[in-house]
Amino acid sequence: MDSKKEDNDRYKPEDEPIFENAPAAYFSTLPIRRIVNVLKHNKIPATISNTAGTYVCNTAMYVALHHTTLNGLNAKTGFIHIPYTPEQVLEKTQPSMSLERIEKAIEITIKESIKS
């Protein structure tokens, strides 16, 4: 974990492992290339990112993958960043997407993830 900013509890980790004596990293088990290809085929912008960041998003993904691995669960596990809606970025310079397209993207992602 590493962050340039403090979180809500004023915690600011620097080069800290999420769990001691655990693997440094895990790979998503989602079919990310297929998901991105199908999203793009449906005219929904998407890209593959090989990082969920270095703090909160990464921690969420790592904990899910660590739990799945430790418990021998046969589950697709990963992390997907969802864009803001246009209303959320009126005063910001960040990308956005309509709620309808976000919902469609999530639906596609779930369907592609549960295929064999």
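The numbers here are math on the coordinates, done by the rules we state, and not lab data. Note that the coordinates shown come from a computational prediction; the quantities given were computed from them, not determined experimentally. Cβ atoms come from the backbone with ideal geometry, glycine included; neighbour counts cover every protein chain shown.
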With θ taken as phi - 60° and the coefficients 6.51, -1.76 and 1.60, list the Karplus ³J(HN,Hα) couplings across region 15-32 in order, rounded to whole Hz; mark glycine and proline as x.
6, 9, x, 6, 10, 5, 6, 10, x, 5, 7, 9, 9, 4, 9, 6, x, 4
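Let me know the longest stretch in the chain that avoids all GluC sites (Glu not before Pro) found in a DSSP loop with at most 16 other C-beta atoms within 10 Å. Let's see the in-between values first.
Numbers: sites that count: 6, 14, 20, 91.
The segment 21-90 is the longest one with no such site.
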Could you give each residue of region 91-102 its phi-based ³J(HN,Hα) in whole Hz, using Karplus coefficients 6.51, -1.76, 1.60 with θ = phi - 60°, and x for Gly or Pro?
10, 10, 10, 10, x, 8, 8, 5, 4, 4, 5, 4
Please list, by residue number, everything in region 27-43 whose backbone N is under 15 Å from a paramagnetic label point 7 Å out along Cα→Cβ of residue 111.
34-43
When the chain is treated as a GNM, springs tying every alpha-carbon pair under 10 Å, which of 65, 90, 39 comes out with the largest mean-square fluctuation?
90
Which residue, 28, 69, 59, has the largest displacement toward the positive end of the dipole of the chain when charges sit on each Cβ (Lys, Arg +1; Asp, Glu -1)?
28
Along Cα→Cβ, 7 Å out, is where each label goes; now give me the distance between the ones at residue 56 and residue 90 in nm to one decimal.
2.2
Spelling it out for residue 84: with amide H atoms placed in the peptide plane at 1.01 Å from N, the residues 5 or more places away or on another chain with amide H under 5 Å from its amide H are 97
Between residue 100 and residue 74, what length in nm is gained on full extension when 0.36 nm per residue of separation is reduced by their alpha carbon distance?
6.3 nm
Longest span of the chain, sites excluded, free of chymotrypsin sites (Phe, Trp or Tyr not before Pro) in DSSP loop with at most 15 other C-beta atoms within 10 Å?
28-116
